[in-house]
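Here is the structure we will look at.
Values quoted throughout were computed directly from the atomic coordinates according to the rules given, and no laboratory measurement underlies them. Quantities reported herein were computed from a predicted structural model and do not represent experimental measurements. For neighbour counting, all protein chains shown are included, and Cβ atoms are generated from backbone atoms with ideal geometry for every residue, glycine included.
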Amino acid sequence: HLLAEFSRDPRGHTFDVFAPEAPSTNGKLRYHATGAWTARPPTRILWEQTQLPRRLSALKPDLLHGMAYALPAAWSGPSVVTVYDLSFFKFPNAFKPGNRIYLTAATRAAAKRARRVLTISAHTKRDIVRLLGVPEHRVEVTYPAAEERYAVLPAEQIEAFRRARDLPETFILSVGTLEPRKNVRGLLEAYALLRRPRAPLYVVGGTGWRFSPIFDTVEQLELTHDVHFVGFVADDELPLWYNAARLFVFPTLYEGFGLPVLEAMGCGTPVIASDVASLPEVSGKAAILVSPNDAMQLAREMQRLLDDPQLRTEHRAAGRIQATRFSWRATADSTAAAYGRAMAGA
């Protein structure tokens, strides 16, 4: 999305982009294919540290942007690095040991060397300053945004989707990987407290690290007939899920940003979200915020939204306004400004 915006307006820069597949060069963006090397994390890490420095020596860029936590150790030129969140610091047990060790070491090293550390929320900026010891002036916030596809869709399109998926008129939606940090078990405990007959709960997202206790909780709470795990959903189908849902619940324990909140808001779906980390920052006053550790509070707010059409209308309108406050044009503007300061050594 950032590159798509830079392809429309490069803001005075020329970009060399390394990617598994190289589309045709577009204006100021020159793509370089890396093949299978960067398609999966283990080989991508090896490529970044061994092959990329040689490619950079030939290109001689004015600035290197490490897009995900790491920089090649052999690169001594100006650089910026994007750090999306520090969940591996704050929730170490939610990561496989090898992944956690790599992310911790790579992020510490890159944040120390980069002239600018870019991140996606003011909350994560505070985490970076506090946990990595990076001076505040070297950390810049470049907010992301939901894609344009996350919008209110025509009623007939939603009804066709509802029929195709055999969805009821009223259901609760949650989106996220099935892993401890997403707090799906907390959602299930709150859902079990709803007044019967309950609106069904649909959970969209693939399985992640330590997911099996989630399914154990469904059985323990006798929710087998009420809770439906959809699995991974393609990007072009996800807006249909948001549009079809009566309300969206995002009870996460920690996020660097929380993009599903904006996606749901853009689709006109009322949102209940956690009151932790970056979520208040992203939600503004458009979401109902609850403690992710208070099942009773979450259940109460879900029931209130289900029962009150006027409240849903108010949050639907507020959410659509909130979603428009974030745009990829603004992301590109703030990123380009950070590039300029990094190259100037400011």
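Of K96/K182; K90/K285; K90/K125, which ones are farther than 20 Å apart at the Cα?
From K96/K182; K90/K285; K90/K125, over 20 Å: K90/K285.
Using the Karplus equation 6.51 cos²θ - 1.76 cosθ + 1.60 (θ = phi - 60°), what ³J(HN,Hα) coupling, rounded to whole Hz, does each residue of the range 271-280 give in order, writing x for Gly and Pro?
10, 10, 9, 5, 9, 10, 6, 7, 4, x
If you build a Gaussian network model of the chain, linking Cα atoms that sit under 10 Å apart, which residue out of A318, A192, A234 swings the most?
A234
Taking 51 Å as R0, compute the FRET efficiency from the Cβ-Cβ separation of S76 and V233 and round it to 0.05.
0.75
Could you derive backbone 3J(HN,Hα) for the range 84-101 from the dihedral phi with the Karplus parameters 6.51, -1.76 and 1.60 (θ = phi - 60°), listing whole Hz in sequence and x where the residue is Gly or Pro?
7, 6, 10, 4, 6, 7, 8, 10, x, 6, 8, 10, 5, x, x, 5, 5, 5
Taking H as built 1.01 Å from N, whose amide H comes closer than 5 Å to the amide H of R30, not counting residues under 5 places away?
The answer is F15, D16, V17.
Could you give the distance between the Cα centres of the range 283-316 and the range 53-89, to the whole Å?
41
5 Å is the cut-off here: which amide hydrogens, built 1.01 Å from N in the peptide plane, fall below it relative to L178, excluding neighbours closer than 5 in sequence?
For L178, whose amide H was placed from the backbone, the distant partners under 5 Å are G206, T207, G208.
Counting Lys +1, Arg +1, Asp -1, Glu -1, what net charge surrounds A58 among other residues with beta carbon under 13 Å of its beta carbon?
+3
So what is the relative contact order for the range 155-323, in percent, with contacts set as C-alpha pairs under 8 Å and at least six apart?
23
Could you work out the Rg to Rh ratio of the chain, with Rh taken as the Kirkwood radius (inverse of the mean 1/r over all Cα pairs)?
0.99
Could you check which residue among L188, L167, L289 shows the biggest mean-square fluctuation in a GNM of the chain with a 10 Å Cα cutoff?
Largest GNM mean-square fluctuation: L167.
Starting from 0 in steps of 10 Å, tell me what percent of the Cα-Cα pairs of the range 274-346 lands in each bin.
With a bin width of 10 Å, the distribution comes to 17, 32, 26, 15, 9, 2.
Count charges around T217 for me, please; just the other residues with Cβ under 12 Å from its Cβ, Lys/Arg as +1, Asp/Glu as -1.
-3
Can you give the calculated 222 nm mean residue ellipticity of the chain, where each DSSP H run of n ≥ 4 adds -39,500 (n - 2.57) and the sum is split over every residue, rounded to the nearest 500 deg cm²/dmol?
-12500 deg cm²/dmol
In units of 2.2 N^0.38 Å, what is the alpha-carbon radius of gyration of the range 148-299?
So the range 148-299 has a normalised radius of gyration of 0.98.
In whole Hz, what ³J(HN,Hα) sequence does the range 325-336 give by Karplus (6.51, -1.76, 1.60; θ = phi - 60°), x for Gly and Pro?
Coupling constants for the range 325-336: 6, 10, 8, 6, 5, 5, 4, 5, 4, 5, 5, 4 Hz.
What order do you get for 138-147, 54-63, 270-279, 208-217 when each peptide is scored by the mean count of other beta carbon atoms within 10 Å, highest first?
Result, highest mean Cβ count within 10 Å first: 270-279, 138-147, 208-217, 54-63.
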